[in-house]
Amino acid sequence: MLRRLSPGQAGYPTPLAAISSPPDPLWLRGAEPKWPAVAVVGTRRPDAEGRRVASVIATTLAARGIAVVSGLAPGIDTAAHRAALRAGGRTWAVVGCGADMAESVEDPDLPEDMVGAGGILAELPPGQPASARALVARDRIQTALSAATVVVQTDLASGTMHTARFALVQGRPLAVVAPGAGPRWAGNAALVDPAGCDPAALHARGEAGRLVQARRPVADVVLDGGDVAPLLARLGL
């Protein structure tokens, strides 16, 4: 069953109403989001270590009663959602299509499993397929719903860099896993570089670009593998 929610209506997530462009309406399939929540995001093409770290982080969050928010994409998103469910936790996906169209090629049972222990959120109406523009726009919803965003693994071309930008613009803490070797970790390397990061890497222009330029490093917290203790301490969780 789908619910159509608008700002000010009962059930509409309070954190979304506070951002500059809240989704109106917001479509919900499943339960209303619960807090606290942390977004766990990353590339669609992780290596084995990226998948492992995503699973460890999501498992730890679920064990602490913290909901996991992600985007139901292959790779890091799927690993995080599935690990949260295996740990008995709750997880929500924000998708770039209609909530009724959400699917997982990598884990076909995942969407229905999530509806039973969380839910699926969408800005696009039912029946609407995904688009590149909607996939970027949904990233602002993931970060707004979450007390913080964790970038597990990303290259420089991944849409995860958009998600990092939204977290910064919204004033949400950004945690980044310390990079391993190779191009699949290049986005992480840029985000944790003590010298800072080129705003273009985060598609940041104008005020967002100036915000990125002022941060050295861009990340608020650098995580050692799957150890989220420093982030949870910062959040008081």
Condition test on ALA93, is it touching a residue at least 24 places away in the same chain (Cβ under 8 Å) and over 21 Å from ASP155 (Cβ atoms)?
yes
Filter result (touching a Leu at 6+ places or on another chain (Cβ under 8 Å), small (Gly, Ala, Ser) and in contact (Cβ under 8 Å) with a residue 60 or more places away in the chain) within region 160-186:
ALA167
I'd like to check something: does region 109-129 contain any residue that is surrounded by fewer than 24 Cβ atoms within 10 Å (Cβ to Cβ) and free of Cβ contacts under 8 Å to residues at least 24 places away in the same chain?
yes
Log entry, pairs with first residue in region 17-40 being under 24 Å from ALA84 (Cβ atoms), second being of a type in the set (Phe, Trp, Tyr), beta carbons closer than 6 Å, six or more apart or on different chains, reads PRO33/TRP92
Select, from SER146, SER104, the only residue that is out of contact with any Cys (no Cβ under 6 Å at 6 or more places or on another chain), among the polar types (S, T, N, Q) and more than 23 Å from SER21 (Cα to Cα).
SER104
May I ask you to list pairs of residues, at least six apart or on different chains, whose Cβ atoms are under 8 Å apart, with the first in region 130-145 being under 22 Å from ARG90 (Cα atoms) and the second being of a type in the set (Lys, Arg) and at pLDDT 95 or above?
THR143/ARG172; ALA144/ARG172
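The values are calculated or read from the model by the stated rules, or taken from the named source; none is laboratory data. As the structure is a computational prediction, the values presented were derived from the model and not from experiment. Methodologically, a virtual Cβ is constructed for each residue, glycine included, from the backbone with ideal geometry; neighbour enumeration extends over all protein chains shown.
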